[in-house]
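Input: a single structure, listed below in C-alpha cells.
The values are calculated or read from the model by the stated rules, or taken from the named source; none is laboratory data. Here the structure is a predicted model, which is why all the values come from computation and not from measurement. Here the Cβ positions follow ideal geometry from the backbone for every residue, glycine too, while neighbour counts run over all protein chains shown. Areas reflect the complete protein model, heavy atoms only, side chains present, ligands, DNA and RNA absent. Shrake-Rupley method; radii C 1.70, N 1.55, O 1.52, S 1.80 Å.
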Amino acid sequence: QVQLVESGGGLVQAGGSLRLSCAPSGRTFSDYAVGWFRQAPGKEREAVAAIGRSASNTVYADSVKGRFIISRDNAKNTVYLQMNSLTPEDTAVYFCAAKIRILATMFESTYDYWGQGTHVTVSA
C-alpha cells in the first residue's frame, strides 16, 4: 500500500501562486505516474495535470494550461504542482494520485493510490 501525502495548500489572493507537493511514504516514486486532481465545492472531481515517469511527459487540463506546471524530482521523491496566476475558480481540494505506469494519464479511474487532499482557497 502506498500512502501519498500532499502539502502546500493554503489561502492566496487572486493572481498569486502556490506550490503543492506530493510524496509517498515508504516507497520510491520514480516508477509511478502521478496525477493532480481537484474538487471544488459542489462539483465533481476533475483532472488538473499528470506526469509520467519521464519528467518531460506531462499533460494538462485546458483550464490550467499556461498557468500550472507539474514536475517531479526523483532525488527528493516528490512531485510538484506549481500554480501561478490563481483565480477564485481554482479554489478546491487538490489531490494527488499515483500508479505504477510509464505514461501520464488524466483518467481518474486509472490511479491506484490517492492522497487525503490539500485545500487551496483563492480570494478575489
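Points worth noting:
- In the set TYR94, TYR80, only one residue is closer than 17 Å to VAL122 by Cα, assigned to a strand (DSSP E or B) and at pLDDT 95 or above; that residue is TYR94.
- Qualifying positions in the stretch 45-63 - free of Cβ contacts under 8 Å to residues at least 24 places away in the same chain and either assigned to a strand (DSSP E or B) or under 12 Å from the mean Cα position of the chain (by Cα) (or both): GLU46, TYR60
- Scanning the stretch 27-44 for residues that are basic (Lys, Arg) and either surrounded by 15 or more Cβ atoms within 10 Å (Cβ to Cβ) or touching a residue at least 60 places away in the same chain (Cβ under 8 Å) (or both), we see that the one that is nearest to ARG72 (Cα to Cα) is ARG27.
- Subset of the stretch 88-97 that is within 13 Å of the chain's Cα centre (by Cα) and of a type outside the set (Gly, Ala, Ser) - its residue that is surrounded by the most Cβ atoms within 10 Å (Cβ to Cβ): CYS96
- Hits in the stretch 45-87 (condition: open to solvent by 50 Å² or more (accessible area, probe 1.4 Å) and closer than 17 Å to HIS119 by Cβ): ARG45, GLU46
- The stretch 27-44, residues that are modelled with pLDDT under 95 and either under 8 Å from the mean Cα position of the chain (by Cα) or in a helix (DSSP H, G or I) (or both): PHE29, SER30, ASP31
- Only one of the numbered conditions (1) surrounded by fewer than 19 Cβ atoms within 10 Å (Cβ to Cβ); (2) in a strand (DSSP E or B) is not met by PRO24, and that is (1).
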